[in-house]
Amino acid sequence: MTNKLIGTFLCILTAFSATAQTSFELTVSNPSKAPRQNAPVVYQLNGETRSALVTFDGKEIPCQLDDINGDGRYDELCFLTHIGKREKQTFHVTLFTEGAPRTYDSQVYVEMMLTNKKIKESNKQDLYISELKVDRGVNPYWMIHHHGAAFESDMVAYRIYFDHRQTVDIYGKYNKGFELRQTQFYPDAKQKASGFGDDILWVGETFGLGTLRGWDGSKPTMIADVDHRSQRIVSRGPLRTIVEVKDEGWTPQAGQQPITMTTYYILYAGHRDCTVDVRFSHAAADYQFATGIINVKNSTEFSDKKGLRGCWGTDWPVSEKDSAGHKRETVGLGICIPQANVLSELPANKDNYGYVISVPGDRLSYAIVFGSDNESFGFHSADAWYEYLRNWKRELEQPLIVRKK
């Protein structure tokens, strides 16, 4: 090897060594007796990472870097794995202090846009945005197309109403795939005829699917008294979408001290369930909250009396006066709240299957999920849905064990 080639090689090696922050191994163990598909692995970062490489059995796998709090520094590394029952896997991770995140084909999708009144079609809007913040008294519900951020995996899609309700609403599919870019939550007649999904739930002022609200001692209250309200797309993939909903200076009840509530909705590739991660500006022990799921008309109910609740029923997905072009939809809904946060499980009423919950600290995490009877890949009876919910809770209670070597 010539001196020139040796010098070039040493320069490349030196540059690589200066850029690479660190390399290490992560062991990932599945404590469950059931295998996991697309199981998320999340590793907390120190904020200096600019790029990452993850390999398994010597092969590169997709990974994702996320800046959760919006300070311009990556907080978390995420990747997915298929792992067998009681299996342990080892991943090699290299973190770089320079460069940019590696690119991979996206397995999720998220969108947020302003309503363009010059375009009449509901599925051809074009004013895409990533964030919107409004002041007290401003209702952005009609300013935002499909009324708030919408996001999907290949199995399901969700949207979050951008108003005092902040309701979680759902879009069901017939077949696995991505649809929101084409339908924008409002498929036209041609798209419906070709097999696209649609909005499958009428929510009104109910909890919808797991919306967190206040509690005044006798009933849920809306998130109305706020100084500022915002929605922000934190992450567009490739492995998970994260949507932030922030209520700054929220006064849940008259006479209480304001509190800021930041909610992250996290949807992973290959998943139908969504994580709801709520963070408060200070300890929330002096407040009470309510959440749950809508009481779908003629639904049956399931509860394990320990934080898991579901229903299976059939109703119009819109108000009956607007039902032209729609059909009745059969859905299964589910919510799983840590039992330690449940103060009481409320009896079903005409609107909701609800809970009153407490948050002793400054953080609450729970999960929501749904299925549509339309799915070619899903569930088609209450019994099958409730069995899924039982298995889902077991999986939530036995997360993967991640250790750094």
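The values are calculated or read from the model by the stated rules, or taken from the named source; none is laboratory data. None of these values were measured; they are calculated from a predicted model. Using ideal geometry, Cβ is built from the backbone for each residue, glycine included, and neighbour counts are taken over all protein chains shown. All accessible areas refer to the heavy atoms of the entire protein, side chains included, with ligands and DNA or RNA removed. Shrake-Rupley method; radii C 1.70, N 1.55, O 1.52, S 1.80 Å.
Of the strands (runs of 3 or more DSSP E) lying entirely inside the stretch 336-376, those carrying at least 1 residues that are more than 19 Å from ARG272 (Cβ to Cβ) and among the small types (Gly, Ala, Ser) are 342-345, 352-357. Residues in the stretch 206-223 that are surrounded by fewer than 20 Cβ atoms within 10 Å (Cβ to Cβ) and outside any loop (DSSP other than H, G, I, E, B): THR221 alone. Being on the phi < 0 side of the Ramachandran plot, in contact (Cβ under 8 Å) with a residue 24 or more places away in the chain, open to solvent by less than 30 Å² (accessible area, probe 1.4 Å) and in a strand (DSSP E or B) is not true of ARG232. The single residue among VAL318, VAL331 that is assigned to a strand (DSSP E or B) and not charged (D, E, K, R) turns out to be VAL331. Among the residues making up the stretch 29-52, those that are assigned to a strand (DSSP E or B) and more than 27 Å from GLU98 (Cα to Cα) are SER29, ARG36, GLN37, ASN38, ALA39. Working only within the stretch 24-62, note down all residues that are among the acidic types (Asp, Glu) and on the phi > 0 side of the Ramachandran plot. Within the stretch 24-62, ASP57 is the sole residue that qualifies. Considering the stretch 126-142, the residues that are open to solvent by 10 Å² or more (accessible area, probe 1.4 Å), in a loop (DSSP other than H, G, I, E, B) and at pLDDT 95 or above include one that is nearest to LEU333 (Cα to Cα), namely TYR141. Being part of a strand (DSSP E or B), open to solvent by less than 10 Å² (accessible area, probe 1.4 Å) and in contact with a strand residue (DSSP E or B) (Cβ under 6 Å, 6 or more places away or on another chain) is true for just one of PHE185, PHE151. Which residue is that? That would be PHE151, the only listed residue that is part of a strand (DSSP E or B), open to solvent by less than 10 Å² (accessible area, probe 1.4 Å) and in contact with a strand residue (DSSP E or B) (Cβ under 6 Å, 6 or more places away or on another chain).
For the stretch 36-53, taking the residues that are over 20 Å from LEU396 (Cβ atoms) and touching a residue at least 40 places away in the same chain (Cβ under 8 Å), the one that is surrounded by the fewest Cβ atoms within 10 Å (Cβ to Cβ) is identified as GLU48. Restricting the stretch 134-159 to residues that are in contact with a Leu (Cβ under 7 Å, 6 or more places away or on another chain) and among the aliphatic types (A, V, I, L, M), the residue that is nearest to ILE170 (Cα to Cα) is ALA157. Here GLY72 passes the criteria (1) in a loop (DSSP other than H, G, I, E, B); (2) open to solvent by less than 70 Å² (accessible area, probe 1.4 Å); (3) touching a residue at least 24 places away in the same chain (Cβ under 8 Å) except the one numbered (3). Assess whether VAL226 counts as being closer than 24 Å to LYS350 by Cβ and open to solvent by less than 10 Å² (accessible area, probe 1.4 Å). Against the criterion (closer than 24 Å to LYS350 by Cβ and open to solvent by less than 10 Å² (accessible area, probe 1.4 Å)), VAL226 does not qualify. Looking only at residues in the stretch 263-298 that are farther than 30 Å from PRO62 by Cβ, of a type in the set (S, T, N, Q) and open to solvent by 10 Å² or more (accessible area, probe 1.4 Å), the one that is farthest from the chain's Cα centre (by Cα) is ASN298.
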